[in-house]
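This report concerns only the one structure given below.
Just so it is clear, none of the values below were taken in a lab; they were calculated from the coordinates. Because the structure is predicted, anything quoted here is derived from the model rather than measured. No Cβ is skipped: glycine too gets one built from the backbone with ideal geometry, and neighbour counts run over all protein chains shown.
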Amino acid sequence: MSLQLTGRMREIAMGRSGLSRSEVEKYRALFQQQGFTLPPLDFANSSHARAGCASCGGTTNRVDVCKSYSSGVGTRLKELIDREFPGTSTCDACQSSVLELNQLLPRQVQVRKSQFIDEILSRADRAPLLHRALVALDQAVTGNYFARRKLRQLLDEAVEGAQPVLAAGPVEHRTGDWSPTRHLVFHVYPVGELWKWNLDELLRHWSIFDGRKVIGIVHDSSSATPEEVQEYLSGRNCEWVVKSNVPMGKPYCCESQTFYEMVDLLGGEDDLVYYAHAKGVTSRQASAEIARRWVTEMHHACLDRCDEAFDELRYHGAYGAFLTDHRPRPVISGTFFWFRLGDALRRNWRKLRSGYPAIEQWPTDVFPDNVGCRFDLRNDARISALYSPDAWSLIESRVQRETDVQRMAACSPAPAWPAGFQNWPETIRHHRQLVQNAVAEAKETPYPDERYSGRGIVMPAGGWWRIGNPHQPYFWCAYAAAFVIRRLGSQLPIQFWFLPGEMAAIPDAEAFAARVGATCHTIPDGEMRCPHGWQVKIQAILRCPFEEVIHLDSDVICEIDPARLFDEPGYIEHGVMFWADNPDLRGHMEKCSYILPDTWRRLGEPSRGRMRDIEAGQMVIDKRRAWHALLVDRHLADHADYWGGFNGGESGVWYGDKTDHHVACILTGTPYQRDDRFEFDRSGGCYVHRGRNGEVLLRHCCDVKGHLVNGDRIPNMAAVSADSIVEAKLLRGIVPWLAADNPDLIEESLKLISPERYFQFPVELKEYTRRTWLDVVAANEYRLTWMSAKNVVLDIGANVGAASYQCARMGAGRILAFEPFPECVRLARQNLKQFPHVELREAAVWRSDQKTTSISLHPHGHPEFTQGYSTTLVRSVDYS
């Protein structure tokens, strides 16, 4: 059975769609491959030349139109196009469409209307007069064939989809000094008295316009004469476009009658144009009082606050007072707006819809998703809402919201904002101005030479990390990280930094810090507007005494002496060195890895598109060379309630603090090195950051934190990654196995254990032990190989015996296990009772410089740590 092409596909295959001959041949070959029977080729070449058919821009070979068919609609259309555009001709493709319309019965015309429009529009990419041709079509097919209102909607939708895209996307951002020429385009229909009041209001702001002033006048028997309007504005150096008025309801009525001609008189790549009209002169919906208020508010937004409007126009194509809902996209309600002339002329600026609200729709048609406003009323008001007195209470609430945003942004500490505040135009506008002021102020602030010297490391060490229940302090992460740094032989000074009150929650914090050669520091109370964990970083960098500083998150484990980071070429060249973040996050998590395009608009910066962000767990910074960026960084941190979001709070424009550091460098022009290589070690749960030769420098253990609780690991949490060393080379606990022929193996092995410690156990013992057992026994997490009877295993911190159990299964000859927690010992005895060669001792094992006879469960001031367990002394063994 042969397949037949129908509808649009048949038109394409016959060459009647307006596609070029080569494209038609490609389609025909494709159809044939799919098994379709090809119709005869009746190709009418539409050459897409600029001159030619007034309907679609194509060239013509035939001029006769057959009038012998049943409906005659096509013939009437041809006659109307000829009358609208005398001296033009119709191209072959449009001739074919007209002939087809003639062949259709009246009922078929209605069914065919949308397809016919699509066919003309598909060939209309070069038609300079397409809109008027379609108006002629609107007049041609009245009566039973088309409902005029429905047809006009179809025409608008079809025109929108078919116009050539001369330029698209966001407009180019204007930075630095920008002083565009400002033109005025004003439409007036001089009826009643309000037209004079409208002109008076305009004259109050006349000095703003330093370019051409073009006044469009439409008149009829019921209006004042054009001469009266010209007399009213005499001496104002105006240019005039005068036309007879088209009655309301006709195509291109109202303000659209003069729009094209007025804009055609202007020119200038970087010029701005203010469009307005005499409002309320004919309105049956708005009272004179509402019309006056509406005009006043629009002039206030666009002219009284023109500096704000011009700032918005740096990154918007158009700007008006009120943005309201409408179909198919929002409109600038009231039709007073600024627009960027050069950017409009590069787009489909003649994309003017037919009908009453044509000019209101024009800015969002030409600059879709790129129109700024003072009051964003979308979802709250439609196009005609402001005709009602009730709607103005909404405007008053938005004016109050502007005041509230300014007040709340100045509050310290940061207040709780309403949901969704980040997307309010008032919030965006105010924070953009704040950051621009911060950049300007930073560039005027000199570097304090006497304040900083030397090199050092800073680590945020406060806060709590939730691993189920209870919370665990980050201090022990920092302690573990500093412990590794000292083992690597680094002599750099290390500072632990805390928010007010955090250090008090860690007993003997300063004493423990001293063991690893670190000092503790607290940011003074009231110094931070957003006192949250992420924002500690920039405060620590600025407050520490070092001129060259390495910032490390508390869960970053060094593989080399961090002092070597100052020798990296990227740091030497630029003075700031970052590493790139995970590039694989998508969806709502994408802003964790990328600076998204909308961010640049919020910052008032030229768009850089979607930019890879940095991973701020580690940064190397020369404060002298990055001074301006650091000051802006602090500003962004102080306004993290908008920009970065809070730890555990509402998400901001970006995620966390990392973009603060990155954006601050961009805004101040501070050069920086960003290593874009990314590696994630799934076995160790960490980001791996390498140096110039591929050498591993740092591991950011973001998934598996490196906690030591008073010197000991939190159970089941890694102190370091799989191939790093704190106390062993294994990810989860210590399971070294040694050759039995060394008589001192036990004593020598136990010397690996360090340093003095307290023990702390999780409350959720059942879930923890289940996961541990599955990991070690079922999944063979330690990747143990077969052992011999000569092998002896030391299982320090045996928990419920999972590691000992696995080693016994693998053939170890002797296993000595230590576990201080009585409940774990009881469970371990049950698990290991089948293995007589496993010796389990209820004891803690440690090495200490001071003799200690016992160790207790230590609650660290938080009772929930030991909830359900008694605080008991356990038998201890000192292998010092």
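Here are some notes:
- For segment 182-389, averaging the sequence separation of C-alpha pairs within contact (under 8 Å, six or more residues apart) and dividing by the residue count gives a relative contact order of 22 percent.
- Neighbour counts of C-beta atoms inside 10 Å place 298, 810 in the sequence 810, 298, starting with the fewest.
- Cβ-derived FRET efficiency at R0 30 Å, residue 300 paired with residue 261, nearest 0.05: 0.55
- Take every DSSP beta bridge whose two residues both sit in segment 455-700; close to 60 percent of them are antiparallel.
- Taking the Cα centre of segment 182-389 as origin and assigning +1 to Lys and Arg Cβ atoms and -1 to Asp and Glu Cβ atoms, the resulting dipole is close to 560 debye.
- For peptides 173-180, 654-661, sequence by mean Cβ density within 10 Å, most packed first: 654-661, 173-180
- Peptide packing: for 560-569, 575-584, 436-445, the average count of neighbouring Cβ atoms within 10 Å per residue gives the ranking 575-584, 560-569, 436-445, highest mean first.
- Segment 487-564 and segment 259-313 have Cα centres spaced 56 Å apart.
- Ranking 400, 416, 372 by Cα position along the charge dipole of segment 329-467, where only Lys, Arg, Asp and Glu carry charges on their C-beta atoms, puts 372 farthest toward the positive end.
- Approximate spin-label separation residue 179-residue 231, in nm, with each point projected 7 Å along Cα-to-Cβ: 4.0 nm
- If R0 is 25 Å, the Cβ-Cβ spacing of residue 525 and residue 441 corresponds to a FRET efficiency of close to 0.50.
- Positive contributions from Lys and Arg (+1) and negative ones from Asp and Glu (-1), summed over other residues with Cβ under 12 Å from the Cβ of residue 299, come out at +2.
- Cα-based radius of gyration of segment 182-389 once divided by 2.2 N^0.38 Å, which approximates compact folds: 0.94
- Residue-span extension gain [residue 416 to residue 244] - 0.36 nm each, minus C-alpha spacing: 56.1 nm
- Fully extended contour minus Cα-Cα distance, from residue 610 to residue 584, at 0.36 nm per residue: 8.0 nm
- Packing-based exposure ordering (other Cβ within 10 Å, fewest first) of 383, 506: 383, 506
- Near residue 597: Cβ cut-off under 15 Å, other residues only, Lys/Arg at +1 and Asp/Glu at -1. The net charge is 0.
- Database remark: amide H of residue 519 closer than 5 angstrom to the amide H of 494, 495, 496 (H placed geometrically; neighbours at sequence offset of 5 or more, or on other chains; Pro and chain starts carry no H).
- Database remark: amide H of residue 674 closer than 5 angstrom to the amide H of 578 (H placed geometrically; neighbours at sequence offset of 5 or more, or on other chains; Pro and chain starts carry no H).
- FRET efficiency for residue 329 and residue 400, using Cβ-Cβ distance with R0 set to 35 Å, rounded to 0.05: 0.80
- Among 302, 686, the ranking by other beta carbons within 10 Å of each residue's beta carbon, starting with the fewest, stands as 302, 686.
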